[in-house]
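One structure is given here, and the rest of the page talks about it.
Taken together, the values in this text are just the output of simple stated rules run on the coordinates, not laboratory data. The structure presented is a predicted model; accordingly, all values stated were derived computationally and were not measured. No Cβ is skipped: glycine too gets one built from the backbone with ideal geometry, and neighbour counts run over all protein chains shown.
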Amino acid sequence: MKSDRKKPPAVIPVTPPAIKPVMLQAEPEPIEIDLQRAAVIVVDMQNAFISKGGMVNLWGGDTLPRQKLIKPIRRITDTARAKGLKVVKVAMTYSPDLSDTGGPNSPNWYKTGLASYIKHPEWRDKMLFRGTWGANIVEELKPQEDDILVHKPRYSAFFGTDLDTILKTSNAKYLVFVGVNTNICVEASIRDAYYLDYFPILISDATMNWGPAFTQEAAILNVKSCYGWVTTTENIIKAME
């Protein structure tokens, strides 16, 4: 007599089985990483920060050195996609009605591009309001079909976003950080990644600071001393290949 009891459904693995870890040359020491649990986090490569005519340029900043980041970041993201790694594009943006800025009672109102907007409302399209040219990722790095786009209302990629949930859903553990600014949004994101038990990896020649050169050096020192590891574009590509 056949039983009417149905067989339990097959268990579907959340992630593929781990492959042999690879050794990444880094400071303060090499780190072994599982590429199937790695993701590339591209921070704030937006027209407002990178392109001529954007917010930083309107402040008097030279955007040419920032544009030189595009090539190494594209090499890293292209290699990552080819190897099946997740690529997350993070953009600092605000709602057009300013509802997520914190308003005048928040220091965010005075310590970000919002202060410039208050003085120069005619700059709106060059700044960080969603739907404007300034808020868009630069054309050379625009999100591809399988990339993830995360909008953040503060410096850290984890504050007020679903990034932690997205990464944990895919079982990510090793986060490769590139973009701007090393000593502000990138470092803030790395600190939060550390607090959330990820292994942050800063790519020193695919990031750029805001301010004097020593701020880049200080951010690198903070990361390799306290929050993660620091390596180069060539080293991360070698490890992924």
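Summary table
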| read-out | value |
| --- | --- |
| For the range 176-241, alpha-carbon Rg over 2.2 N^0.38 Å | 1.03 |
| Spacing of the two label points (7 Å from each Cα toward its C-beta) at PHE159 and LYS83, in nm | 3.1 |
| Two-site label geometry, SER99 and LYS173: point separation in nm, points 7 Å out along Cα→Cβ | 4.0 |
| Compactness index (Cα Rg / 2.2 N^0.38 Å), the range 42-86 | 1.36 |
| Kirkwood Rh, Cα atoms: Rg over Rh of the range 104-241 | 0.97 |
| Label of the coordinate-derived value, semi-axes √(5λ) of the Cα gyration tensor in Å, listed as [x] 27, 25, 15; [y] 34, 23, 16; [z] 41, 18, 15 | [y] |
| Potential extension, LYS111-GLU139 segment - 0.36 nm per residue separation minus Cα distance | 7.4 nm |
| Cα-projected label distance for THR232 with THR215, points at 7 Å along beta-carbon direction, nm | 2.5 |
| Cα gyration tensor category, rounded, prolate or oblate, for the range 80-172 with a/c compared to 1.5 | oblate |
| Fraction of antiparallel bridges per DSSP, the chain only, in percent to nearest 5 | 15 |
